[in-house]
1. Taking residue 174, is it in a helix (DSSP H, G or I), closer than 23 Å to residue 142 by Cα and among the hydrophobic types (A, V, I, L, M, F, W, C)?
2. Against the definition (surrounded by fewer than 16 Cβ atoms within 10 Å (Cβ to Cβ) and under 29 Å from residue 37 (Cβ atoms)), how does residue 109 come out, yes or no?
3. Before we move on, is residue 30 modelled with pLDDT of 95 or more, closer than 22 Å to residue 194 by Cα and in the same structural domain as residue 117 (by TED's automatic domain parsing)?
4. If you take the residues of segment 350-387 that are among the β-branched types (Val, Ile, Thr) and surrounded by fewer than 23 Cβ atoms within 10 Å (Cβ to Cβ), which of them is nearest to residue 70 (Cα to Cα)?
5. Of the residues 173, 165, which single one is farther than 30 Å from residue 73 by Cα, in the same structural domain as residue 122 (by TED's automatic domain parsing), buried (at least 19 other Cβ atoms within 10 Å of the Cβ) and in contact with a Phe, Trp or Tyr (Cβ under 9 Å, 6 or more places away or on another chain)?
6. Determine which member of the set 54, 44, 27, 8 is assigned to a loop (DSSP other than H, G, I, E, B), among the aliphatic types (A, V, I, L, M) and surrounded by 15 or more Cβ atoms within 10 Å (Cβ to Cβ).
7. Could you please find all residues in segment 101-141 being in contact (Cβ under 8 Å) with a residue 40 or more places away in the chain and part of a helix (DSSP H, G or I)?
Amino acid sequence: MAPGVVPAGLVLPDYGGRCLDQVLPAALGALGVTTPDGVADAAAAQGRLGVPAAERVVVVLVDGLGHRMLAERAGHAPFLRRLLPDARLLTCGFPSTTATSMGLLGTGRGAGRTGLAGYTVRNPADGGLANLVSWTGVDEPRRWQREPSLLGHAAEHGLTVHSVGPAAFAGSGLTDAALSGSTYVAAEALEARVDATLRALRSGPGLVYLYWGHVDKVGHQHGWRSPEWGDALAEADAELGRLARSVPRGTVVVLTADHGMVDVDPAQLVDVAVEPALRADVELVAGEPRAVHVHTAPGAAPLVADRWRERLGGAAVVLERAEAIAAGLFGEVAAHVEPVLGDVVVAATGSAGVADSRTQTPHSMLLRGMHGSLTPGEMEIPLLVVA
């Protein structure tokens, strides 16, 4: 890490430690399967996260359920609340956003290796803006993301592996990039997903990955302190409690999240499109309002970084690419991924953000809840184990 680059109070990714990159290695360790080279040792990860040996493991990822969010709103979640005293606090990676975290979970490697470096990124092949969630403007998934899938690795080593999620994610670019190699089971409502998970577990030993995204969706629209978010958490809690009560003997349930969330103040959202000082020498703004990749004219990164620091002040941490890499934000960075990262990297603080109305929709700029940056509310996620 580069000391002093990231201010106190923000959270750096703990790659290789108490981090989302350890979850699938720990699950594999519990099932007696080793991990590929370059990924956390399965037995070490299993011990670090406290996942006991088992015949069956379910890894549940609740999109957008940060540790601080769960702790503050635990009154809506009696099942999860009972687990909180024994929870382990993990970090996600940077940016603290879904595409990046899917890569981190699915491969055990950070955005510097997977290239899954934000909601949107620059595609070095054509200089255009690529969306890593809808997978538009991006190369074929396995050309863009070159690290091996841990689910695929598990299947190759004899485990029965299922993924349970919405039909829209079956064969999607992001699924193929980060979570390929399992048998995909499509189900929409959480009740149906829990039922599908239980059927897969009852069919024999193995690993099941279950995804639920509604909590994140409601947080984006209404904010995570809203009554609507509390209702979404309560719905998830009830079904996850049913899952834990219904799994076959010899099953371990591991519950975690991909990131947290902060409620953004619209008055603190800066629009690059109407700010001459921010537009100067900038060719493309990628990422999302809480975590921005700024691609500059050749050689202009130092000047751009200085201008952005002066304009944003304490509302953001502004780093040149080399500083961000040295600070460990992206983990180890591969040569083919480096051009994907911004020449200048911006991480919002507080309830601020940076948007660009030239490429972002009005709807996306008006979201109440956002994530991507380094605040504890965004970076810290729970790990809850039920054995």
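1. It is true that residue 174 is in a helix (DSSP H, G or I), closer than 23 Å to residue 142 by Cα and among the hydrophobic types (A, V, I, L, M, F, W, C).
2. In short, no.
3. Considered against the rule, which asks whether it is modelled with pLDDT of 95 or more, closer than 22 Å to residue 194 by Cα and in the same structural domain as residue 117 (by TED's automatic domain parsing), residue 30 comes out as yes.
4. In this case the residue turns out to be 385.
5. Criteria check complete, one pass: 173.
6. From the options 54, 44, 27, 8, the qualifying one is 54.
7. Selection gives 101, 102, 103, 104, 105, 106, 107, 111, 112, 113, 114.
Quick grid of which residues meet (1) in contact with a His (Cβ under 8 Å, 6 or more places away or on another chain); (2) of a type outside the set (Val, Ile, Thr):
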residue: 249; (1), (2): no, yes
residue: 269; (1), (2): no, yes
residue: 282; (1), (2): yes, no
residue: 286; (1), (2): yes, yes
residue: 295; (1), (2): no, yes
residue: 300; (1), (2): no, yes
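The values are calculated or read from the model by the stated rules, or taken from the named source; none is laboratory data. Being a predicted model, the structure only gives us computed values, none of them experimental. FYI the Cβ positions are ideal-geometry reconstructions off the backbone, even for glycines, and counts take in every protein chain you see.
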